[in-house]
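**Student:** Here's a structure for you.
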Amino acid sequence: MIGYYDYTVILTYVSLLCTSVGIFQAIEGQFTIAVICLALSGLCDMFDGKVARSKKNRTDDQKLFGVQIDSLCDVICFGVFPTILCYSMGMRGLLASIVIGYYLICSVIRLAYFNVLETNRQKVEEGVNKYYHGLPITSITIFLPILYLINSHISQSVWEYNLLGLLFIVGTLFITDFKLKKPSNKQLASFVAIVTIAIVITVIVPHKTGGKKQYVENKVFTSIFHQQK
């Protein structure tokens, strides 16, 4: 069998499996479950690097394999999946399509650049890089669930533009050249807590407000950007 099979890549594969479930749920209109899958995928990605580095005797090939497999999965989990989710929630029309395409391109550029930097870095130094170059792609797993939570408390028109703006701004920050210090274990725990709380609220709130199925029927963005046939 080709490839490398050990515990260092397990969380990366779990993240991908969560994404596959989330994509199918998004297509079926089960947006709450899809958002939960997105958040869980992000949680797995937050710790997969720490798990991989716990194995001290990895070969250079194993390290490079880990970098490549992580980025390939990230393209699907945090590039493709969020756009499918937004499209399924009704993000249609010319402007929305442009923003979705822009977000996808930015996510691929960000991950490809990370691969170049990380491959070159590992040739000259050990350990973990202390800084992100640009906004990490997993940040969408925090911003999108939080935006999804508050959408029932704002008007539909505001929600539509918020979602459009989120993808554009986050995509732009993916490719913006700035250094962002990686979070400490305490900060990482705070991020985990935020996402966990968001997941719990996401599960509870729809039962009280009638859920987000309104976006299946109303087709967000359709009335603004979608050309009627």
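**Student:** When you look at Met1, is it among the aliphatic types (A, V, I, L, M), within 12 Å of the chain's Cα centre (by Cα), open to solvent by 20 Å² or more (accessible area, probe 1.4 Å) and modelled with pLDDT under 90, yes or no?
**Tutor:** Taking the combined requirement at face value, the residue does not satisfy it.
Each row is one residue, and each column tells you yes or no for (1) within 16 Å of the chain's Cα centre (by Cα); (2) within 15 Å of Ser88 (Cβ to Cβ); (3) open to solvent by less than 40 Å² (accessible area, probe 1.4 Å).
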| position | (1), (2), (3) |
| --- | --- |
| Tyr5 | no, no, no |
| Thr8 | no, no, yes |
| Gly42 | yes, no, yes |
| Asn57 | no, no, no |
| Gly66 | no, no, yes |
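**Student:** Now for a separate question. Select the helices (runs of 4 or more DSSP H) contained entirely in the stretch 71-189, then report the ones holding at least 3 residues which are surrounded by fewer than 20 Cβ atoms within 10 Å (Cβ to Cβ) and at pLDDT below 90.
**Tutor:** In the stretch 71-189, the matching helices (runs of 4 or more DSSP H) lie at 94-124, 140-150, 156-175.
**Student:** Working only within the stretch 19-30, note down all residues that are within 16 Å of Pro82 (Cβ to Cβ) and open to solvent by less than 20 Å² (accessible area, probe 1.4 Å).
**Tutor:** Within the stretch 19-30, Thr19, Gly22, Ala26 meet the criteria.
**Student:** Any residue at all in the stretch 135-150 that is under 20 Å from Phe31 (Cα atoms) and in contact with a Gly (Cβ under 6 Å, 6 or more places away or on another chain)?
**Tutor:** Looking through the stretch 135-150, at least one residue is under 20 Å from Phe31 (Cα atoms) and in contact with a Gly (Cβ under 6 Å, 6 or more places away or on another chain).
Listed here are the residues, each with its yes/no results for (1) under 17 Å from Pro145 (Cα atoms); (2) touching a helix residue (DSSP H, G or I) at 6+ places or on another chain (Cβ under 9 Å); (3) assigned to a helix (DSSP H, G or I); (4) open to solvent by less than 50 Å² (accessible area, probe 1.4 Å).
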| residue | (1), (2), (3), (4) |
| --- | --- |
| Thr12 | no, yes, yes, yes |
| Leu17 | no, yes, yes, no |
| Thr32 | yes, yes, yes, yes |
| Ile36 | yes, yes, yes, yes |
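The values are calculated or read from the model by the stated rules, or taken from the named source; none is laboratory data. This structure is a prediction, so every number in the text was calculated from the model and none was measured. Neighbour counts run over all protein chains shown; Cβ positions are idealised from the backbone, glycine included. Accessible surface is based on the protein model in full, side chains and every heavy atom, while ligands, DNA and RNA are left aside. Shrake-Rupley method; radii C 1.70, N 1.55, O 1.52, S 1.80 Å.
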